[in-house]
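The next block holds one structure in the form of structure tokens; read it before the comments.
The values are calculated or read from the model by the stated rules, or taken from the named source; none is laboratory data. Just so you know, these numbers come straight off a predicted model, no measurement behind them. Cβ placement follows ideal geometry from the backbone for every residue including glycine, while neighbour counts extend to all protein chains displayed. Note: accessible area is taken over every heavy atom of the protein model, side chains too, but ligands, DNA and RNA are not part of it. Shrake-Rupley method; radii C 1.70, N 1.55, O 1.52, S 1.80 Å.
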Amino acid sequence: MVDVEQFVDEKIDEIGDAIGDAEAVIALSGGVDSSTAAALAYEAVGDQLHPVYVDTGLMRKGETEQIRETFDYMDSLRIVDAKDRFLDELSGVTDPEEKRHVIGEQFIREFETVADEVDADYLVQGTIYPDRIESEGTIKSHHNVGGLPERIDFEGIVEPMRDLYKDEVREVARELALEEIISERMPFPGPGLAVRIIGEVTEEKLEVAREANHVVEEELAEYDPWQALAAVIGKATGVKGDNRVHGWVVAVRSVDSRDGMTARAQEIDWETLQRIQSRITGSHENVARVVYDVTHKPPATIEYE
């Protein structure tokens, strides 16, 4: 574990030295990684920092409203509505790696647009060590590392937490006195619900995935998982009322981990699982089944794509 107080002091100095008198854009998602990076950068350069939250349409239920409330102290916060653009670019895309690259490029283009408006030379990101390990290997491309496009119109990218694991980031967030809703928040993938949908991302699948993830996070909070999620993984037959339906299959996953590099599937009691399936199948007429994923990492990854 890093010396958190020393780390914070050093990184604030490093960010200040890197950005100098220039303007910077921070990619703010509301997760603990980007929020901690934003807090560090704000301490370092103040109003030279321009936080940008991009509403991709792929976010959790109520995410945009939560961002507004949590970061309203940052006067330069921008919330960009880019749902239509992201979904248009993802239309017909089924390959997981291609999804990540499409999303990564769209993020960068949005940040470049804001950067042009505020004359910013630097992009700050909440990249952490597992992101780099998985992207530099052959596991997957993170939208903010391996998913970045080749052309990036920034003088430099600043990643103050690139050598930290998730548990260390949380320690830094607590040192910076970030609210618990941020510092203790379970991980959420940068590409959002797109990687919790197998195959093409559609409005209907997003509606199912968003509500299912909300149910899972609520119901499994008492288990204190490192990460809990729901994914739309395909279709199967079911019965709704007196009708046979060919509806969506939702997989529920809940794991314990220290840093996300390995993970153990949690044992969830039957009553809780039944309550989850009842809420999810009842939330959408086209959800036919709910299954629980008992696979550890490895051999599985935590997310589905």
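Provide the per-residue ³J(HN,Hα) series for the stretch 116-132, in order, calculated from phi with Karplus coefficients 6.51, -1.76, 1.60 and θ = phi - 60°, each as a whole number of Hz, with x at glycine and proline positions.
4, 5, 9, 6, 8, 9, 10, 10, 9, 10, x, 4, 10, 4, x, 4, 5
Over the chain, what is the mean sequence separation of C-alpha contacts under 8 Å (at least six apart), divided by residue count, expressed as relative contact order in percent? Write out the running numbers ahead of the final one.
On the way: 549 pairs, mean separation 52.5, N = 305.
Here the relative contact order equals 17 percent.
For every other residue with a beta carbon closer than 9 angstrom to the beta carbon of H284, add +1 if it is Lys or Arg and -1 if Asp or Glu, then tell me the sum.
Once positives and negatives cancel, what remains is -4.
Take every DSSP beta bridge whose two residues both sit in the stretch 196-302, then give the antiparallel share in percent to the nearest 5. Provide the component values of the computation, followed by the final result.
Numbers: 16 of 22 bridges.
Around 75 percent antiparallel, to the nearest 5.
Quick one: net charge around A300, please, counting Lys, Arg +1 and Asp, Glu -1 for every other residue with C-beta under 10 Å from its C-beta. If you can, show how the numbers build up before the last one.
Values: positive: R253, K297; negative: D293, E303.
For residues surrounding A300, the net value is 0.
Convert each backbone phi in the stretch 286-294 into a coupling constant with the Karplus relation 6.51 cos²θ - 1.76 cosθ + 1.60 (shift: θ = phi - 60°), then list the ³J(HN,Hα) values in order as whole Hz, x for Gly and Pro.
Couplings: 9, 9, 9, 8, 10, 10, 10, 8, 9 Hz.
Read phi for every residue in the stretch 242-259 and hand back ³J(HN,Hα) as whole Hz from Karplus 6.51 cos²θ - 1.76 cosθ + 1.60, θ = phi - 60°, with x for Gly and Pro.
Values per residue, Gly and Pro as x: 9, 10, 7, 10, 10, x, 6, 9, 10, 9, 9, 9, 9, 9, 9, 7, 9, 9 Hz.
What does the helix-only formula give at 222 nm for the chain: each DSSP H stretch with n ≥ 4 adding -39500 (n - 2.57), the total divided by the residues, and the result rounded to the nearest 500 deg cm²/dmol? Write down the numbers at each step before the final one.
Details: 10 runs with 122 residues, N = 305.
After summing the helix terms and dividing by residue count, I get -12500 deg cm²/dmol.
Quantify, in whole percent, the carbon and sulfur part of the accessible surface of the chain (1.4 Å probe; protein heavy atoms only).
On the way: 5900 of 13660 Å².
Ligands and nucleic acids excluded, carbon and sulfur give 43 percent.
Between R85, R196, R170, find the one with the highest GNM mean-square fluctuation for the chain; connect C-alpha pairs within less than 10 Å.
R85
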